[in-house]
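S.K.: Please find one structure pasted underneath; my questions will follow.
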Amino acid sequence: MTHIARYAIVRFMPYAETQEFANVGIVMLAPSARFFDFQISNKWRRLGAFFDTLDRRVFVRGAAAFSEELTRTRDMALPWLAEGTQQQESAKRVFDDLVRPREALFQFSSVRAVVAASPQDKLAELFDHYVDHDFATPEYQERLIEKSVRSVLRREGLGTRFQRAKLGAGALQFSVPFAELDEAGQALRVIKPLHLAYDDSLRILDHGNQWLGRLRHLERVHALPKSLLLSVTEPPTGTERFSAFEEVRRDLSNLGAVFAASNDEQALIQFAQAA
């Protein structure tokens, strides 16, 4: 049997004036399954990288208080869901009141609907997708950087100067999204998005060494571009992961790569505009 479930994404929005938010939870109602529940994240590390000037305690205390509010609301609605249709309408009104637009630290997205055989499993699935970002693969992260770089280049009138191209020789070629080519089609300058903000130091080394090997191949076949900018996401300083990142940066820099933070538009523009 399948059930129609209604859900809303819980958003943490500490700065109302900027409207910036991060997804931190899911709340769901499925009357036919007599289901009303929620899942809230209390992980600060990802949020701390985004809201880097915010005191961690603001989120931790706020999340605890908000979880208590959700628990009280759920516990009030569940007995109604166990009763007949008329009482279930009361539970629906409670849900609608909960997710109404509000000016608060924790807010809700618009309500969405989904068909689920198991609302509990669907709640976990939605949480993984919207909060834990199970879709955020390295390739996805680098596409986000690529999108940002392309937007800056177009805004500065440099979009046609860089194009997707393949580097290497023979069967050993790989694609880069931004390359400035000479008349013979050889890459003069390259901009490569690179995601190195993994939670695991080994993954940072593995991904960095992948590109180190590619650059060494280009060096062997005399095809290294004149200039290479790596637009990177990096882990927090002072961590073991940052030490791994520093090792990767040192090795790639020795082959001529220049590093810039993925959000450093000025460094990107200066590199792209250089003669």
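The values are calculated or read from the model by the stated rules, or taken from the named source; none is laboratory data. From a predicted model like this one, the values you see are computed outputs, not experimental measurements. Cβ sites come from the backbone with ideal geometry, for glycine too, and all protein chains shown count toward neighbours.
S.K.: Go through the stretch 23-37 and give me each residue that's more than 18 Å from residue 101 (Cβ to Cβ) and not in a loop (DSSP other than H, G, I, E, B).
M.R.: Across the stretch 23-37, the qualifying residues are 28, 30, 31, 32, 33, 35, 36, 37.
S.K.: Then there's this: Output yes when any residue across the stretch 22-42 is out of contact with any helix residue (DSSP H, G or I) (no Cβ under 6 Å at 6 or more places or on another chain), surrounded by fewer than 12 Cβ atoms within 10 Å (Cβ to Cβ) and outside the structural domain of residue 238 (by TED's automatic domain parsing), and no when none is.
M.R.: Among the residues of the stretch 22-42, not one is out of contact with any helix residue (DSSP H, G or I) (no Cβ under 6 Å at 6 or more places or on another chain), surrounded by fewer than 12 Cβ atoms within 10 Å (Cβ to Cβ) and outside the structural domain of residue 238 (by TED's automatic domain parsing), which makes the answer no.
S.K.: Identify, please: which residue in the stretch 176-206 is of a type outside the set (A, V, I, L, M, F, W, C), modelled with pLDDT of 90 or more and touching a strand residue (DSSP E or B) at 6+ places or on another chain (Cβ under 7 Å) and is, among those, farthest from residue 270 (Cα to Cα)?
M.R.: Only one residue fits best here, namely 195.
S.K.: When the residues of the stretch 46-78 are narrowed to those that are among the charged types (D, E, K, R) and free of Cβ contacts under 8 Å to residues at least 12 places away in the same chain, which ends up farthest from residue 97 (Cα to Cα)?
M.R.: Looking at residues that are among the charged types (D, E, K, R) and free of Cβ contacts under 8 Å to residues at least 12 places away in the same chain, I get 52.
Conditions tested, residue by residue: (1) crowded, with 17+ Cβ neighbours inside 10 Å; (2) assigned by TED's automatic domain parsing to the domain that holds residue 263; (3) under 30 Å from residue 48 (Cα atoms).
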{"residue": "186", "(1), (2), (3)": "no, yes, no"}
{"residue": "189", "(1), (2), (3)": "yes, yes, no"}
{"residue": "195", "(1), (2), (3)": "yes, yes, yes"}
{"residue": "216", "(1), (2), (3)": "no, yes, no"}
{"residue": "227", "(1), (2), (3)": "no, yes, no"}
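S.K.: Filter the stretch 17-46 down to the residues that are at pLDDT 90 or above and acidic (Asp, Glu) and list them by number.
M.R.: Selection gives 37 alone.
S.K.: Find the strands (runs of 3 or more DSSP E) located wholly in the stretch 69-177 whose residues include 1 or more that are surrounded by fewer than 17 Cβ atoms within 10 Å (Cβ to Cβ) and over 27 Å from the mean Cα position of the chain (by Cα), and list them.
M.R.: 163-169
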